[in-house]
């Protein structure tokens, strides 16, 4: 029994009560478990929790890899080979980290497209959405810098191509490019900077994720109907209902993760990165990691280098304005037939851009890239505002419980 004269007194005896009185970690965990959640969430909502698991895998494996990695252009490639061949289970650590990066991006992409489909970015969750986009930007920065660390051919030339694009920014571009590289060319200073930032960024992402969860708990999760919680019948405790659901999702995720690690660890990588970096030999076709390919296709689709950089960053910046570009008062695409059709067209366009990004910048690939790029911005800047104004949505349920029970 708690002491009525001291509301912070231990609510239960024993070691747990003693700890909780001084550091209320168990009370916090209980509060998380008691968190009320819409009762109609489906498995698409599990990808947020899976993304958190991915982040922890990356942090743990990254710390362990950092103990054996040498951030020097003369030794980096050999240190990675040393990890693979000589460190106990080093191959498993490295493949888990490399495949884990891809799985992290897959999970976040599904999480973002789910938010697109169900309108999870709309009021009052705009800041929640902004934090998600900032996390995505930090992930892209960490992924790009991590791609440089093995110091293979794609590491060197990918870093050279991307950092050189910053030089195209008027007035400040040269200074930014030199700061990123630590000089006039990609060299040892670049590798050291990227190593330091790559090690730091996951902890920045962790802090952003905590803010993201805080914002989520303030207004609660969205749900497939897009209807806000109105009655006690609309919600259930997060634990045990969604913890069990998430654990099942974790199981499926780790099965896929394990198959890739043990049977196809290099499937999503590039073979040229197993060739030591050589500034005197340019690869026939320079490509970034697969999760950057849609933006790389946008970058290459515009002849002017500066405008290409603007378009590439604009493709991400436009996401911040999504809550206002979507003018419909209906959240969920389940009740918006016209928007739902164009949503799937957009998904196809994004996948097509990713495929084009892996192809040479020549022939019809260039033309197709320009068409797909135009549609990408057309979807956000024209279709979303117009559809929201003129679309006639389907009838929505008045409460979550009504939709759940029907």
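Computed from the coordinates by the stated procedures, all read-outs in this text should not be read as laboratory data. Model, not experiment: these values are computed from the prediction. Neighbour counts run over all protein chains shown; Cβ positions are idealised from the backbone, glycine included.
Sorted by average packing, counted as other Cβ atoms within 10 angstrom per residue and highest first, what order do 236-246, 155-165, 329-339 take?
Highest mean packing first, the order is 155-165, 329-339, 236-246.
For residue 241, project a label point 7 Å along Cα to C-beta. Then give me every residue of the range 368-406 with its amide nitrogen under 20 Å of that point.
Zone members listed by number: 397-406.
Using packing as a proxy for protection, rank 250-258, 277-285, 88-96 so that the peptide with the highest average count of other Cβ atoms within 10 Å comes first.
The packing order, highest mean first, is 88-96, 250-258, 277-285.
Could you work out how far helix 337-357 tilts from the main Cα principal axis of the chain, as a 0 to 90 degree angle to the nearest 10?
30 degrees
Could you tell me the calculated FRET efficiency between residue 43 and residue 84, based on Cβ-Cβ distance and R0 = 35 angstrom, to the nearest 0.05?
0.50
For an R0 of 35 angstrom, estimate the FRET efficiency from the Cβ-Cβ distance between residue 304 and residue 196 and round to the nearest 0.05.
Result of the calculation: an efficiency of 0.60.
Quick check: from the Cα gyration tensor, does the range 56-164 come out rounded (a/c under 1.5), prolate or oblate?
prolate
So if R0 is 51 Å, what FRET efficiency would residue 313 and residue 402 give, r being the distance between their Cβ atoms, rounded to the nearest 0.05?
Details: r = 43 Å, r/R0 = 0.85.
In this case the efficiency is close to 0.70.
Which length gain, in nm to one decimal place, applies between residue 70 and residue 252 when the Cα-Cα distance is subtracted from 0.36 nm times their residue separation?
Here the segment from residue 70 to residue 252 would lengthen by 62.0 nm.
Please state the relative contact order of the chain as a whole percent: Cα pairs under 8 Å, 6+ residues apart?
22 percent
When 73, 59 are ordered from fewest to most other Cβ atoms inside 10 Å of their Cβ, what list results?
59, 73
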